[in-house]
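Asks: Structure provided below as structure tokens; questions to follow.
The values are calculated or read from the model by the stated rules, or taken from the named source; none is laboratory data. What you are looking at is a predicted structure, and each value in this text was computed from that prediction instead of being measured. A quick note on method: Cβ atoms are made from the backbone with ideal geometry, for glycine too, and the neighbour counts reach across all protein chains shown.
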Amino acid sequence: MLRIRAAAVTTRPSRFTIPLLMSSQDTDKTKYSWDETIRTWIIALILAVIFRSLAFEPFHIPSGSMKDTLLVGDYLFVAKYEYGYSRYSFPFGLPVYEGRVLEWHKPHRGDVVVFREPADPRIDFIKRIIGLPGDTVQLKDGIVYLNGKPIPRKADGTFSDDEDPDNVHAIPRFTETLPSGKTYDILKQRRYGMADDTPVYHVPPGHYFMMGDNRDNSRDSRFSDVGFVPAENLVGKAELIFFSTNGTAEWTNPVSWFEAMRFRRFFTWVK
């Protein structure tokens, strides 16, 4: 009987020894798992920053100044490498250096670009380049004159806005053709717009003259609060619309999520 009791006593500690050892190992494994998770997220964040800074950055269109090329609710990729890199190619626009480096291509007339507003570099704008350094630009009765010659413009039907289904109206649409042969659509909502007649703008070296395609509803280089855009302020060239919604979706109505999507605009190139 004494032996049985002794055996019983000696076996009890062994039962609790194994769980205690396993608990220590589990703690080490949990710590290792958390370390790996944190490292993975840090690496993913660094890669995302590098990709956004050097390759492509997604942007959302919040206003109608570029209709009908870009609509409110469009989501697009902007190529950061196209014009090289400036301080505004990177997060927070830190003044690491001045000017641009690694310029693959120079901007062309007709390119749709994202840039930082000269007066407030915290704000991103998207417009179309009309004037290059050394060009002259003037508007007469709504017609754009580039280096003293009018940019040809012809009527091209109307554009119907779908942002407000209860207030759909047709806006006259025109096609402009640049000297290079590039064409794009513009909208002209009013016969006499507030910036239809301007003085002659002389684009200085290292700057660009920008205009929105929705000519009567665009803050651009025609106005002094924007003016000429320095090359350093260019963020990149708008390339591809990858998603678009007209903003009518309701969170409580999943069917409306699909009805609001503009599927015809998914994965279309910006012209």
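Asks: Taking the conditions exactly as written (surrounded by 15 or more Cβ atoms within 10 Å (Cβ to Cβ) and either within 22 Å of Val78 (Cα to Cα) or without any contact (Cβ under 8 Å) to a residue 24 or more places away in the chain (or both)), does His207 satisfy them or not? Walk me through it before giving the result.
Replies: Working: surrounded by 15 or more Cβ atoms within 10 Å (Cβ to Cβ): yes; either within 22 Å of Val78 (Cα to Cα) or without any contact (Cβ under 8 Å) to a residue 24 or more places away in the chain (or both): yes.
Yes.
Asks: Give just the number: which of (1) within 20 Å of Phe209 (Cα to Cα); (2) more than 20 Å from the chain's Cα centre (by Cα) does Arg116 not satisfy?
Replies: The number of the failed condition is (2).
Asks: Within the range 127-149, can one find any residue that is free of Cβ contacts under 8 Å to residues at least 60 places away in the same chain, of a type in the set (A, V, I, L, M), part of a loop (DSSP other than H, G, I, E, B) and surrounded by fewer than 18 Cβ atoms within 10 Å (Cβ to Cβ)? Show your work before the answer.
Replies: Pass one, the range 127-149, residues free of Cβ contacts under 8 Å to residues at least 60 places away in the same chain: 140-141, 143, 145-149.
With of a type in the set (A, V, I, L, M) added as a condition, the list becomes 143, 146.
Keeping just the survivors that are part of a loop (DSSP other than H, G, I, E, B) gives none.
Looking for residues that are free of Cβ contacts under 8 Å to residues at least 60 places away in the same chain, of a type in the set (A, V, I, L, M), part of a loop (DSSP other than H, G, I, E, B) and surrounded by fewer than 18 Cβ atoms within 10 Å (Cβ to Cβ), one finds none in the range 127-149, hence no.
Asks: Let me ask something else. Restricting attention to the range 46-54, does a residue exist that is at negative phi, crowded, with 16+ Cβ neighbours inside 10 Å, at pLDDT below 70 and not small (Gly, Ala, Ser)? Please lay out each step first, then the result.
Replies: Applying the first criterion (at negative phi) to the range 46-54 yields 46-54.
Filter once more, keeping what is crowded, with 16+ Cβ neighbours inside 10 Å: 52.
From what is left, the residues that are at pLDDT below 70 are 52.
Among the residues that remain, those that are also not small (Gly, Ala, Ser) are: 52.
The answer is yes, given that some residue of the range 46-54 is at negative phi, crowded, with 16+ Cβ neighbours inside 10 Å, at pLDDT below 70 and not small (Gly, Ala, Ser).
Asks: When Arg265 is evaluated against the numbered criteria (1) more than 19 Å from the chain's Cα centre (by Cα); (2) buried (at least 18 other Cβ atoms within 10 Å of the Cβ), which criterion, by number, is the only one it fails?
Replies: Of everything listed in (1) more than 19 Å from the chain's Cα centre (by Cα); (2) buried (at least 18 other Cβ atoms within 10 Å of the Cβ), Arg265 misses just condition (1).
Asks: While we're on this one: Restricted to the range 87-100, and to residues that are within 16 Å of Ile123 (Cα to Cα) and in contact with a strand residue (DSSP E or B) (Cβ under 8 Å, 6 or more places away or on another chain), which residue is surrounded by the fewest Cβ atoms within 10 Å (Cβ to Cβ)?
Replies: Residues of the range 87-100 that are within 16 Å of Ile123 (Cα to Cα), as a first pass: 87-94.
Narrowing the set further to residues that are in contact with a strand residue (DSSP E or B) (Cβ under 8 Å, 6 or more places away or on another chain) leaves 88-89, 93.
Numbers: Tyr88: 22, Ser89: 22, Gly93: 16.
The residue in question is Gly93.
Asks: Out of Asp197, Asp220, Asp225, Asp213, which single residue is surrounded by fewer than 17 Cβ atoms within 10 Å (Cβ to Cβ) and either at pLDDT 95 or above or under 18 Å from Gly110 (Cα atoms) (or both)? Please lay out each step first, then the result.
Replies: Values: Asp220 fails: surrounded by fewer than 17 Cβ atoms within 10 Å (Cβ to Cβ); Asp225 fails: either at pLDDT 95 or above or under 18 Å from Gly110 (Cα atoms) (or both); Asp213 fails: surrounded by fewer than 17 Cβ atoms within 10 Å (Cβ to Cβ).
That would be Asp197, the only listed residue that is surrounded by fewer than 17 Cβ atoms within 10 Å (Cβ to Cβ) and either at pLDDT 95 or above or under 18 Å from Gly110 (Cα atoms) (or both).
Asks: Do you know which residues across the range 159-178 are of a type in the set (Val, Ile, Thr) and either at pLDDT below 95 or in a loop (DSSP other than H, G, I, E, B) (or both)? Quick ask: steps written out before the conclusion?
Replies: Within the range 159-178, the subset of a type in the set (Val, Ile, Thr) is 168, 171, 175, 177.
Result: Val168, Ile171.
Asks: Further, regarding this structure: Within 30 Å of Phe90 (Cα to Cα), in a loop (DSSP other than H, G, I, E, B), in contact with a strand residue (DSSP E or B) (Cβ under 6 Å, 6 or more places away or on another chain) and not aliphatic (A, V, I, L, M) - does that describe any residue in the range 229-252?
Replies: no
Asks: Right, another one. Out of all the residues in the range 121-141, is one or more touching a Ser or Thr at 6+ places or on another chain (Cβ under 7 Å), closer than 28 Å to Pro179 by Cβ, modelled with pLDDT of 95 or more and not basic (Lys, Arg)?
Replies: Checked the range 121-141: at least one residue is touching a Ser or Thr at 6+ places or on another chain (Cβ under 7 Å), closer than 28 Å to Pro179 by Cβ, modelled with pLDDT of 95 or more and not basic (Lys, Arg).
Asks: For the subset of the range 228-244 comprising residues that are more than 22 Å from Asp185 (Cα to Cα) and of a type in the set (A, V, I, L, M), which member is surrounded by the fewest Cβ atoms within 10 Å (Cβ to Cβ)? Explain how you work it out, then say what you get.
Replies: To start, the set of residues in the range 228-244 that are more than 22 Å from Asp185 (Cα to Cα) comprises 228-235.
After this cut, where a residue has to be of a type in the set (A, V, I, L, M) as well, the list is 229, 231, 234-235.
Numbers: Val229: 26, Ala231: 19, Leu234: 25, Val235: 23.
The qualifying residue surrounded by the fewest Cβ atoms within 10 Å (Cβ to Cβ) is Ala231.
Listed here are the residues, each with its yes/no results for (1) among the acidic types (Asp, Glu); (2) at pLDDT 75 or above; (3) within 30 Å of Gly236 (Cβ to Cβ).
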site	(1), (2), (3)
Lys31	no, no, no
Glu57	yes, yes, yes
Ser65	no, yes, yes
Glu82	yes, yes, yes
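Asks: For the range 181-220, how many residues meet the condition of being acidic (Asp, Glu) and within 26 Å of the chain's Cα centre (by Cα)?
Replies: 4
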